[in-house]
Structure formats: structure tokens, C-alpha cells
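Everything on this sheet refers to the single structure shown next.
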Amino acid sequence: MARIEALLLKALGGLALGLALLALPPLLQPARYLTPVARALPEGSLPRQEALATLRQNALAQLSLGGLAGVVLLGLGGLRSEVARLRERLEELAED
């Protein structure tokens with residue numbers, strides 16, 4: 001059971017990291033991720049600026065979601081180790 005829990009935590013951690021890493025390129029170079037229609041707009045036009053702002057917002061939301069998932073995983077890992085410690089302590093007390 002503990003092995004399955006550890007594998008599940010690793011898989012979820014990989015997903016959280018992947019989610020955060022996928023958000024970085026649009027944050028660093030949002031113009032590369034514009035749609036062809038938005039790319040065809042003049043450089044300083046308001047619709048193009050709105051498209052870039054939307055890309056940045058989506059990437060920040062994705063990055064935040066990855067960070068939140070990472071925090072939850074850290075909490076679950078800490079909780080898991082605390083439960084294991086308490087279980088060992090109860091077993092020791094039961095033996096005495």
C-alpha cells in the first residue's frame with residue numbers, strides 16, 4: 001500500500017511540474033504563441049496587445065495551478081510521513 005501511495009505522489013508531482021513547465025514558454029515569449037490571425041495584426045494594435053495579455057494571463061494561471069498542486073503534494077507527503085510516524089509509535093505502545 002505504501003509503495004502505491006509513493007508512486008501516486010511521484011506521478012502527481014510529475015504532473016504538477018509538467019504543468020508548471022508548460023506555462024513557462026508562453027510567459028517568456030508570448031508572441032510566438034499567438035494564433036495566425038493575432039499574429040497578422042499590426043504590432044502595436046489593441047487587439048494584438050489583448051491577445052498577448054490573454055496569453056500571459058493563461059500562462060500565469062497555469063503556473064499558479066502547478067504551484068498549488070506542488071504545495072498540496074508537499075502537504076500530502078508531510079501528512080503521509082506523520083501518519084507513518086504515529087503508526088509506528090502506536091505499534092510500540094501496543095507492544096509495551
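Only a single criterion out of (1) surrounded by fewer than 10 Cβ atoms within 10 Å (Cβ to Cβ); (2) more than 30 Å from ALA84 (Cα to Cα) is not satisfied by ARG39, namely (1). Among the candidates PRO26, PRO36, which residue alone is over 13 Å from the mean Cα position of the chain (by Cα) and at pLDDT 90 or above? Result of the check over PRO26, PRO36: PRO36.
Check region 17-36 and report whether any residue there is among the basic types (Lys, Arg), free of Cβ contacts under 8 Å to residues at least 60 places away in the same chain and surrounded by 14 or more Cβ atoms within 10 Å (Cβ to Cβ). Looking through region 17-36, none of the residues is among the basic types (Lys, Arg), free of Cβ contacts under 8 Å to residues at least 60 places away in the same chain and surrounded by 14 or more Cβ atoms within 10 Å (Cβ to Cβ). Against the conditions (1) surrounded by 14 or more Cβ atoms within 10 Å (Cβ to Cβ); (2) modelled with pLDDT under 90; (3) under 19 Å from LEU24 (Cα atoms), LEU52 satisfies every one except (2).
When you scan region 62-80, do you find a residue that is among the hydroxyl-bearing types (Ser, Thr, Tyr) and under 28 Å from LEU22 (Cβ atoms), even just one? Yes, that holds for at least one residue.
The values are calculated or read from the model by the stated rules, or taken from the named source; none is laboratory data. Predicted, not measured: the structure shown is a model, and the values here were computed from it. With ideal geometry, Cβ positions are generated from the backbone for all residues, glycine too; neighbour counts draw on all protein chains shown.
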